[in-house]
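Take a look at the structure set out below.
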Amino acid sequence: MNLPDSLFRDSTETLAGISHSASLEEMEREHIARVLGDSATLDEAAATLGINATTLWRKRKRYGIE
């Protein structure tokens with residue numbers, strides 16, 4: 001039987017590039033940073049994330065995301 005190579009990759013690796021051992025805060029920080037990088041404005045990023053722009057501003061400050 002031939003199984004796909006993807007079944008044999010490192011068990012700590014995920015499709016998003018975040019390990020299974022990452023904390024919820026680490027995952028949130030990485031997701032916010034990724035969305036901010038793909039967005040033209042803070043308001044656009046907040047809309048994509050489904051949160052208020054003020055909340056996003058606070059999270060950026062908390063996580064040290066420029």
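Of note:
- Shape of the range 21-66, Cα gyration tensor, a/c cut at 1.5: prolate
- Using the Karplus relation 6.51 cos²θ - 1.76 cosθ + 1.60 with θ = phi - 60°, the per-residue 3J(HN,Hα) values for the range 54-66 come to 5, 4, 5, 4, 5, 5, 4, 5, 4, 8, x, 9, 8 Hz, with x marking Gly and Pro.
Values in this text are rule-based calculations from the coordinates and carry no lab data. Everything numeric in this text was worked out from a predicted model, so none of it was measured.
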